[in-house]
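Following: one structure in structure tokens, then a few remarks.
The values are calculated or read from the model by the stated rules, or taken from the named source; none is laboratory data. All of these numbers come straight from a predicted model, not from anything done at the bench. Because the Cβ atoms are built from the backbone with ideal geometry, glycine has one as well, and the counts that use them run over all protein chains shown. Just the protein is used for accessible areas: all its heavy atoms, side chains included, with ligands, DNA and RNA removed. Shrake-Rupley method; radii C 1.70, N 1.55, O 1.52, S 1.80 Å.
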Amino acid sequence: MNESPHPDFLWRTPEPRRAYDVVIVGGGGHGLATAYYLARNHGITDVAVLERGWLAGGNMARNTTIIRSNYLWDESAAIYEHALKLWEGLAEELDYDLLFSQRGVLNLAHSPSEVREGMRRVNANLLNGIDAEWLDVDEVRKFCPIVNTSPDVRHPVLGATLQRRAGIAKHDRVAWAYARAADRLGVDLIQGCEVTGFDIAGGRVRGVRTNLGRIGAHRVALAAAGHTSVLAARAGIRLPLQSHPLQALVSELLEPVLDCVVMSNAVHVYVSQAHKGELVMGAGIDAYNSYGQRGSFHIIERQMSAALELFPIFARARVLRTWAGIVDVSPDASPIIGLTPVENLFINAGWGTGGFKATPGSGWVYADTIANGRPHPLAEPFTLDRFTTGALIDEHGAAAVAH
């Protein structure tokens with residue numbers, strides 16, 4: 001498959017200034033997208049993105065790049081659909097080929113209860129204006145001929161939901177595109193800069209302490225995914241988040257055989273084939289809390305077993321490499337976006353497995369929240385105080401296999 005030439009120049013490497021209007025902590029997809037939309041949508045360019053490692057070296061480089069918006073509840077569907085609509089024009093807007101491929105996502109049902117849940121979600125999606133279809137077994141076989149639809153397996157396929165606009169993109173290209181665009185608008189991208197503490201006086205954040213020295217800021221925005229709870233604790237805030245390793249793997253390069261994304265909650269795996277030919281597979285989280293980026297061998301073993309049950313054709317494919325990202329999971333499997341008890345300190349966390357697909361939408365609403373000092377309308381249901389009011393948005397089902 002042909003790819004467009006890579007640009008000769010991406011972004012500057014500036015020294016950090018003494019102070020900025022906005023400091024974003026975390027140079028992954030959400031942090032970079034937030035910086036871009038702060039500059040593009042709100043004219044706020046006095047912005048620094050601080051990344052302790054290298055840009056997009058965390059979860060942005062450690063996910064399976066699935067993009068979809070078919071979540072169950074109205075609040076979730078709204079923000080993920082906003083993101084999907086942005087994805088559909090993002091390559092042109094950022095002038096960068098993101099290898100965005102709307103190849104469709106199948107979510108298989110293997111029991112009568114999963115059939116009922118799938119049909120319910122299709123109807124809920126349609127009511128929210130989101131494309132969704134229910135496929136019976138014959139239609140699943142026609143859409144994805146290599147999936148095992150035999151009735152004589154442990155978890156026979158009884159049907160599937162399908163979102164045709166869903167798909168995948170190339171994660172590093174997404175990060176590089178946002179970084180280049182933000183840099184062009186004047187944002188400073190500072191790598192190797194770890195935030196070790198916050199300067200807070202009178203209940204208001206005044207800046208951050210880093211391994212490169214103090215950096216003053218009128219506003220500080222956290223966007224560090226799995227490590228957000230660690231950062232928030234340094235500001236005296238205890239978040240309702242747990243961090244877990246989420247493993248994935250890729251196979252050796254194969255000829256193109258799978259032109260859609262297949263997910264299964266019961267069999268416990270999701271599979272796609274990347275543009276270069278490798279199979280990309282993900283599974284559930286490791287049950288224990290950890291910030292390790294390797295995970296456990298038994299998860300990989302179960303993952304491969306599940307994949308072979310759905311795809312016997314892959315029996316001789318060899319695993320090329322494995323890795324883990326650190327997902328931060330909230331009690332209702334929905335994100336936290338908005339203000340914190342510390343004035344002008346903002347939070348964007350708790351996306352679990354939904355972080356990559358939400359990247360443009362998350363950046364859009366987070367930038368608006370920071371710029372205006374109140375939650376964007378799409379972010380209002382996801383504020384931190386829902387864990388005291390009880391207005392939870394339970395997406396454990398739609399969040400799928402990893403939760």
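First select every other residue whose beta carbon is under 13 angstrom from the beta carbon of residue 56; then total the charges, Lys and Arg +1, Asp and Glu -1.
Summing Lys and Arg as +1 and Asp and Glu as -1 gives +3.
Which trypsin sites (Lys or Arg not before Pro) does the range 306-394 hold that lie in a coil by DSSP with at most 10 other beta carbons within 10 Å?
Listed in order of number, the matching sites are 316, 318.
Skipping prolines and chain starts, which residues have an amide H placed within reach, meaning under 5 Å, of the one on residue 194, given they are 5 or more residues away or on another chain?
Close amide H contacts, sequence-distant or interchain: 211, 212.
Excluding residue 229 itself, what net charge comes from residues whose Cβ is under 9 Å from its Cβ, given Lys and Arg +1 and Asp and Glu -1?
0
Taking amide H positions as placed in the peptide plane 1.01 Å from N, state which residues far from residue 106 in sequence (5 or more) or on other chains have amide H under 5 Å from it.
Under 5 Å from the amide H of residue 106: 261, 262, 263.
Summarise the accessible area of the range 287-373 (1.4 Å probe, protein heavy atoms) by the percent that is carbon and sulfur. It would help to have the intermediate numbers written out before the result.
Working: 1840 of 3480 Å².
Carbon and sulfur atoms account for 53 percent of the accessible area of the range 287-373.
For the range 177-326, report the accessible area per residue in Å² (1.4 Å probe, heavy atoms, rounded to an integer).
43
Restricting to the chain, compute how many DSSP beta bridges are antiparallel as a %, nearest 5.
Bridges in the chain that DSSP calls antiparallel: roughly 70 percent.
Given a 10 angstrom Cα cut-off, can you work out which residue in 237, 44, 67 is the most mobile in a GNM of the chain?
Between 237, 44, 67, it is 237 that shows the largest mean-square fluctuation.
Just to be sure I follow: if Rg is taken over the C-alpha atoms of the range 309-403 and Rh is the Kirkwood radius over the same atoms, what is Rg/Rh?
1.12
Within the range 30-66, which trypsin sites (Lys or Arg not before Pro) sit in a loop by DSSP and count at most 15 neighbouring Cβ atoms inside 10 Å?
Of the trypsin sites (Lys or Arg not before Pro), not one in the loops of the range 30-66 has a Cβ with at most 15 other Cβ atoms within 10 Å.
Could you give me the ³J(HN,Hα) list for the range 21-34, computed from phi with Karplus coefficients 6.51, -1.76, 1.60 and θ = phi - 60°, whole Hz, x at Gly and Pro?
Here the 3J(HN,Hα) series is 5, 10, 10, 9, 9, x, x, x, x, 5, x, 5, 5, 4 Hz.
Report ³J(HN,Hα) in whole Hz for each residue of the range 241-257, in order, from the Karplus equation J = 6.51 cos²θ - 1.76 cosθ + 1.60 where θ = phi - 60°; Gly and Pro get x.
Ordered by residue, 3J(HN,Hα) equals 10, 10, 9, 9, x, 10, 8, 8, 8, 10, 8, 5, 5, 10, 5, x, 9 Hz.
Within 10 Å, count the other beta carbons around each residue, average over each peptide in 322-334, 153-165, and list them highest first.
Most protected by this proxy first, the peptides run 322-334, 153-165.
What is the range 299-403's relative contact order, in percent, from Cα pairs under 8 angstrom and six or more apart in sequence? Mind showing how you got there, number by number?
Working: 109 pairs, mean separation 28.2, N = 105.
RCO, the range 299-403: 27 percent.
Classify the range 149-189: rounded, prolate or oblate, from the alpha-carbon gyration tensor (a ≥ b ≥ c, eigenvalue square roots; a/c under 1.5 rounded; otherwise prolate if a/b is larger than b/c)? Don't skip to the answer; put the middle values down first.
Details: a/c = 6.75, a/b = 4.10, b/c = 1.65.
It is prolate, given that a/c is not under 1.5 and a/b is the larger ratio.
If you average the sequence gap of Cα pairs under 8 Å that are 6 or more apart and divide by the length of the chain, what percent do you get for the contact order?
23 percent.
Based on Cβ point charges of +1 for Lys and Arg and -1 for Asp and Glu, what charge dipole magnitude is obtained for the chain about its Cα centre, in debye rounded to the nearest 20?
I would put it at about 860 debye.
As an exercise, identify the chymotrypsin sites (Phe, Trp or Tyr not before Pro) in the range 30-68 lying in DSSP coil whose Cβ has no more than 10 other Cβ atoms within 10 Å.
Of the chymotrypsin sites (Phe, Trp or Tyr not before Pro), not one in the loops of the range 30-68 has a Cβ with at most 10 other Cβ atoms within 10 Å.
Counting only protein heavy atoms and using a 1.4 Å probe, what share of the accessible area of the range 76-120 belongs to carbon plus sulfur, as a whole percent?
Carbon and sulfur atoms account for 49 percent of the accessible area of the range 76-120.
Could you pull out every residue, at least 5 positions away or on a different chain, whose amide H is within less than 5 Å of the one on residue 28? Hs are placed 1.01 Å off N in the peptide plane, and Pro or chain starts have none.
56
With runs of 4+ DSSP H residues as the only contributors, calculate the mean residue ellipticity of the chain at 222 nm using -39,500 (n - 2.57) per run, divided by the residue total and rounded to the nearest 500.
It comes out at -8500 deg cm²/dmol, rounded to the nearest 500.
When the Karplus curve 6.51 cos²θ - 1.76 cosθ + 1.60 is applied with θ = phi - 60°, which whole-Hz ³J(HN,Hα) does each residue of the range 169-178 get, with x for Gly and Pro?
Going residue by residue, I get 8, 8, 5, 5, 5, 4, 5, 4, 5, 5 Hz, with x marking Gly and Pro.
Considering only the other residues whose Cβ falls under 12 Å of the Cβ of residue 14, what net charge follows from Lys and Arg at +1 and Asp and Glu at -1? List each step's numbers first, then the result.
Values: positive: 12, 17; negative: 15, 183, 188.
Taking every other residue near residue 14 into account, the sum is -1.
At a threshold of 8 angstrom on Cα-Cα distance, excluding pairs fewer than six apart, so keeping six or more, what relative contact order does the range 225-381 reach in percent?
In percent, rounded to a whole number, it is 25.
Could you rank the peptides 374-380, 134-140 by their average count of other C-beta atoms within 10 Å per residue, with the highest value first?
The packing order, highest mean first, is 374-380, 134-140.
Sort 216-227, 104-115, 239-250 by packing, meaning the average of other beta carbons within 10 Å per residue, with the highest value first. Intermediate values should be presented prior to the final figure.
Working: 216-227: 24.2, 104-115: 20.1, 239-250: 21.8.
By packing density, highest mean first, the sequence is 216-227, 239-250, 104-115.
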